[in-house]
C-alpha cells in the first residue's frame with residue numbers, strides 16, 4: 001500500500017512539474033477561492049440560473065443531433081461546467097456539448113456504421129476520453145498557439161456547412177420519417193440525406209410537421225420579442241405539454257414519437273473500456289474532435305476577452321477542455337467544447353467569478369433529477385425538439401461573416417468555399433482537416449515569400465531603393481531582407497539572391513538582415529550554400545544589421561565560420577556587422593567600408609544619415 005501511495009505521489013509531483021514547466025497552472029481556481037465572498041456568490045448564482053435554463057435543454061438538443069440518448073447532453077453539460085473552472089483561464093467560459101462537435105460525432109458513426117463492431121453508445125466513453133487526453137497533450141505542447149495560423153474562414157465555412165447538415169438531418173423527425181431513414185444504406189452527407197428523404201416522400205406525416213412548425217414559430221417569436229427569457233426551455237416545456245395532450249386526446253397523434261424517460265442510474269460513473277482495436281478505430285475522429293474543440297474554445301475565449309477586457313491563455317483553456325472531457329468520459333457522455341452562446345450569456349448575466357459555471361453544473365444535475373421524477377422528457381415530441389434544433393442551426397448561419405470572408409481576399413473566399421463544400425460532400429472529420437490544410441498551405445505560400453529590396457546610399461546619406469542600371473557602385477549591392485526565412489521561404493530566398501548576383505559587375509553583396517526572422521536549418525543551409533557558391537564566382541557576401549537571434553542561429557549552426565572565412569580576426573576584419581539600436585544604419589556603413597576593402601575601391605563617399613523619428 002505504501003508503494004502505491006508513493007507511486008501516486010511521485011506521479012502527481014511529476015505531472016505538476018510538467019504542467020508548470022510548460023506555462024500551465026495546474027489549479028488556477030485557487031486564487032478565486034481565497035477571494036470569494038457573499039456578494040460574488042449572489043452574482044454568480046443568478047448568472048448560473050440563466051445559463052442552466054439554456055444549458056439543460058440545449059444539451060438535450062445536441063445529444064439528439066449526435067443521435068445519442070438525450071441524457072448524454074445533460075450529463076455532459078453538468079459535469080463539464082463543474083470541472084472546467086478548476087483549470088480554465090477565463091472566468092466566463094462555460095463548457096458543454098456544441099452543434100459542431102455533436103454533428104461530427106453523428107457524421108462519423110453514420111459513415112462507419114457498417115464497419116463498426118459496437119454501437120455508438122458503447123464507443124462514446126473511450127472516444128471522449130481520447131479527446132480529453134489529446135487536448136491535455138495539446139495544451140502541454142502549446143498546440144493552441146498554432147491555431148492562430150488557421151484562418152477564421154475555416155471555422156465559419158465548417159459551421160455553416162454543419163448547420164445546413166443539421167437542419168437537413170433533423171427534417172426526418174419533423175416529417176416523421178426517422179424509422180424509414182434509418183433502414184437500408186445510411187446517409188451521412190448532405191446530398192445523400194436529401195436524396196434519401198426525397199425518395200421517402202410517400203412516408204411523410206403532417207402531424208409531426210404541424211407540431212414542429214408551431215414550436216419553431218413560437219421559438220422565433222419569443223426570440224424576437226423577449227430574447228432575455230429562457231425561450232428554448234419554455235418552448236420545450238410547452239411542447240411537452242402539447243405532446244401529452246395530443247397523444248392522449250387526439251387519435252391522429254396517438255403514434256407521435258417521443259423520447260424515453262430518464263433514469264437516475266445514468267449518473268453512475270464507470271471507467272471506459274480501453275481496447276486497442278477500438279483506439280485504432282477512433283483515433284482519426286478523436287483527433288478531429290479535439291482539434292475542433294480547441295479551435296472553438298480559442299475563438300470563444302478571444303471573443304469573450306475582447307468584450308470583458310480580461311486576458312486569456314488559450315493553452316490553459318485547452319487544458320481545461322481536456323480535463324473536462326476526461327471527467328465526462330466517466331459518465332459515458334459526449335465530447336465537450338467551449339460554448340459561445342452559453343459563455344456569452346454567462347458574461348451578459350454579470351457573472352462575477354468562475355464559480356458561476358460550477359453552480360450552473362450543479363443546477364443541471366438538479367434539473368436532471370427533476371426530469372427523472374416529473375413526466376416531462378417522455379412527453380417531449382421528437383419533432384418539437386428537432387424544430388428547435390433547426391432554429392439553432394439557422395442562427396448558426398452568420399451571413400455577415402460569410403460575406404466578409406467571401407469579399408476580403410481571394411484566399412479567404414477559397415478557404416470558406418472549399419471547407420463548406422467539404423462538409424457537404426464528405427465526413428465532417430475529413431472536412432475540418434481539408435479546410436485546415438488549405439488554410440495553412442495558403443499561409444505558408446504567403447509567408448514563404450521574403451521581401452528583398454536592393455538599396456544604396458544617396459547624396460543625403462540615407463538609404464534608398466536602387467535603380468540597377470544606375471547603381472552608384474556597380475560592384476556593390478545592398479539587399480534588404482525582410483520577412484520570415486523559415487523552411488518554406490529558403491528556396492525562394494536563394495533564388496532571388498542568385499538573380500541579384502547574376503550581374504557580371506557585381507563583386508560584393510551586403511545582406512541587410514535587420515528584419516529577417518525565424519531562420520531555421522533549411523534557410524541556414526541555403527545561406528551556407530549561397531556563400532560558398534558566390535565565393536566560387538568571385539563575389540563576397542557580407543551580413544549587416546544582424547540581430548542577436550540571427551547571430552545565435554548562425555553561430556550554433558557553424559555558418560558563421562563560413563561567412564567569416566578569409567577574415568583576419570586578429571586585425572579586426574569581419575564579414576558580419578551587428579545591429580546597433582542607436583543608429584540602425586551604422587552596421588550598413590561599416591559593411592560598405594568592408595566591401596570596398598574587399599574589392600579594392602575607395603570611390604564611394606560613405607555618409608550615413610539617421611533620423612530617429614524614421615527608421616531607415
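The values are calculated or read from the model by the stated rules, or taken from the named source; none is laboratory data. Keep in mind that what you see is a predicted model, and the values were worked out from it rather than measured. Every residue, glycine among them, receives a Cβ derived from its backbone with ideal geometry; neighbour counts consider all protein chains shown.
This table checks each residue for (1) over 17 Å from residue 286 (Cβ atoms); (2) touching a residue at least 40 places away in the same chain (Cβ under 8 Å); (3) in a loop (DSSP other than H, G, I, E, B).
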position: 128; (1), (2), (3): no, yes, no
position: 133; (1), (2), (3): no, yes, no
position: 146; (1), (2), (3): yes, no, no
position: 158; (1), (2), (3): yes, yes, no
position: 170; (1), (2), (3): yes, yes, no
position: 180; (1), (2), (3): yes, no, no
position: 184; (1), (2), (3): yes, no, yes
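Yes or no: region 51-65 includes at least one residue that is touching a strand residue (DSSP E or B) at 6+ places or on another chain (Cβ under 7 Å) and either more than 29 Å from residue 314 (Cβ to Cβ) or at pLDDT 90 or above (or both).
Yes; the residues of region 51-65 include at least one that is touching a strand residue (DSSP E or B) at 6+ places or on another chain (Cβ under 7 Å) and either more than 29 Å from residue 314 (Cβ to Cβ) or at pLDDT 90 or above (or both).
Assess whether residue 206 counts as being in contact (Cβ under 8 Å) with a residue 60 or more places away in the chain and more than 26 Å from residue 396 (Cβ to Cβ).
Considered against the rule, which asks whether it is in contact (Cβ under 8 Å) with a residue 60 or more places away in the chain and more than 26 Å from residue 396 (Cβ to Cβ), residue 206 comes out as no.
Between 178, 163, 139, which is in contact with a helix residue (DSSP H, G or I) (Cβ under 7 Å, 6 or more places away or on another chain) and crowded, with 23+ Cβ neighbours inside 10 Å?
Among 178, 163, 139, only 139 is in contact with a helix residue (DSSP H, G or I) (Cβ under 7 Å, 6 or more places away or on another chain) and crowded, with 23+ Cβ neighbours inside 10 Å.
Looking at 275, 248, 297, can you tell me which residue is free of Cβ contacts under 8 Å to residues at least 60 places away in the same chain and assigned by TED's automatic domain parsing to the domain that holds residue 144?
248
At pLDDT below 85 and surrounded by fewer than 15 Cβ atoms within 10 Å (Cβ to Cβ): does that describe residue 499?
Taking the combined requirement at face value, the residue satisfies it.
Please specify each residue of region 286-311 satisfying the condition of being crowded, with 20+ Cβ neighbours inside 10 Å and under 13 Å from residue 135 (Cα atoms).
286, 288, 289, 290, 291, 292, 293, 294, 295, 296, 297, 298, listed by residue number.
Which of the numbered conditions does residue 608 fail, given that it passes all the others? Conditions: (1) modelled with pLDDT under 85; (2) within 42 Å of the chain's Cα centre (by Cα).
Residue 608 satisfies every listed condition except (2).
Could you name every one of the helices (runs of 4 or more DSSP H) located completely within region 186-256 that has at least 3 residues being more than 36 Å from the chain's Cα centre (by Cα)?
Here the list reads 206-225, 231-249.
Restricting the search to region 342-364, which residues are surrounded by fewer than 18 Cβ atoms within 10 Å (Cβ to Cβ) and more than 13 Å from residue 54 (Cβ to Cβ)?
Within region 342-364, 350, 362 qualify.
Considering only region 536-562, state which residues are surrounded by 14 or more Cβ atoms within 10 Å (Cβ to Cβ) and either under 16 Å from residue 597 (Cβ atoms) or outside the structural domain of residue 507 (by TED's automatic domain parsing) (or both).
Selection gives 539, 540, 541, 542, 543, 544.
Go through the residues of region 330-339 one by one and say whether even a single one is at positive phi and touching a helix residue (DSSP H, G or I) at 6+ places or on another chain (Cβ under 8 Å). It would help to see each step written out before you state the result.
The first filter runs over region 330-339 and keeps only residues at positive phi, leaving 332.
Checking which are touching a helix residue (DSSP H, G or I) at 6+ places or on another chain (Cβ under 8 Å) leaves us with 332.
Yes - at least one qualifying residue is present in region 330-339.
Please indicate, with yes or no, whether at least one residue in region 388-406 is modelled with pLDDT under 90, assigned to a loop (DSSP other than H, G, I, E, B) and not assigned by TED's automatic domain parsing to the domain that holds residue 515.
Looking for residues that are modelled with pLDDT under 90, assigned to a loop (DSSP other than H, G, I, E, B) and not assigned by TED's automatic domain parsing to the domain that holds residue 515, one finds at least one in region 388-406, hence yes.
Starting from residues that are within 24 Å of residue 581 (Cβ to Cβ) and surrounded by fewer than 24 Cβ atoms within 10 Å (Cβ to Cβ), keep the ones in region 507-518 and report whichever is farthest from the chain's Cα centre (by Cα).
514
Working only within region 259-285, note down all residues that are buried (at least 16 other Cβ atoms within 10 Å of the Cβ) and at pLDDT below 85.
So in region 259-285, the residues buried (at least 16 other Cβ atoms within 10 Å of the Cβ) come out as 259, 262, 266-267, 272, 278, 281-282, 285.
Listed by number, the residues that qualify are 262, 266, 267, 272.
Exactly one condition in (1) modelled with pLDDT of 85 or more; (2) farther than 12 Å from residue 153 by Cβ is false for residue 420; which is it?
With respect to (1) modelled with pLDDT of 85 or more; (2) farther than 12 Å from residue 153 by Cβ, residue 420 is out only on (2).
Report, by residue number, each residue of region 365-395 that is surrounded by 19 or more Cβ atoms within 10 Å (Cβ to Cβ) and within 22 Å of the chain's Cα centre (by Cα).
392, 393
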